[in-house]
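To start, the structure itself, in structure tokens.
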Amino acid sequence: MQKLAKFFDEFALAGRGLLLATRKKSFWLSFALTFLIFGTIINLLSSGFTSFQLIGSCLSGGDISGAFKIIGGAFLAIFGVGRSFLDFALNFILTLLQSILVALVIFVAKHNRSERRAKGNTKDEESSIKSADSSGAESSAIVAGLAVLGSGCPTCGTTLLAPIIGAILSGTGGAVALAGTLSTILNILAIIIATLVFKKLGVQTYAIIKSEHFKEKHHEKSR
């Protein structure tokens, strides 16, 4: 029970850290860019690599408007246009979580970098900080990788995994159903990992921002 209570306490702190981070313009810049780019890519992969092949064909044929139309459709799919509710919900949650993770990773890394410059840390301290930064980035990359592998339309079987599984099973009818099931499992796994990584990064963000506020107040009092 104590471990469970500690988990929820840390998760609450992570939520407060996220709220504090949303007051920073730099957070929203990283968040927005990741949300739009990652969300569009995930939806382009909804039919495997077909969309990318069509974009390549349009560009090679000089049909730039056709390429933008495909990309625009994938962009609108972020908000559920042309997608079933289940597929939209999974992709939207993954895109939202991934965008938050990337924004928090960048925020923490920037703070650590500025701290290293201000304090002139030793090589061992710098190595430890860089290791922590890379850990967050690697965790975020794992979430992105699972989301990409699980991308597509699990309910209709058109997923990135479908052609791979179809080739292994020699195109059997069960390949489509299996691909849809695995896609859903990978998406759920990605959400679970993203939630755990968010807890860690959120707590770090909360500690950083609270420390900055304390330093600012202390500096004002010492004037």
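What follows is calculated from the coordinates using simple rules that are stated; it is not laboratory data. Computed from a predicted model, the values in this text were never measured in an experiment. Glycine also receives a Cβ, built like all others from the backbone with ideal geometry; neighbour counts cover every protein chain displayed.
For the residue pairs K69/K110; K3/K24; K110/K199; K25/K69, the C-alpha atoms sit more than 26 angstrom apart in K69/K110; K3/K24; K25/K69. Once the cut-off is 14 Å, how many percent of the Cα-Cα pairs in the stretch 1-51 end up in the long-distance tail? The calculated P(r) of the stretch 1-51 puts 69 percent of pairs beyond 14 Å. Estimate the FRET efficiency between L76 and K215 by the formula 1/(1 + (r/R0)^6), using the beta-carbon distance for r and 30 Å for R0, to the nearest 0.05. With a Förster radius of 30 Å, E is 0.10.
Excluding I192 itself, what net charge comes from residues whose Cβ is under 15 Å from its Cβ, given Lys and Arg +1 and Asp and Glu -1? Don't skip to the answer; put the middle values down first.
Details: positive: K199, K200; negative: none.
Its environment carries a net charge of +2.
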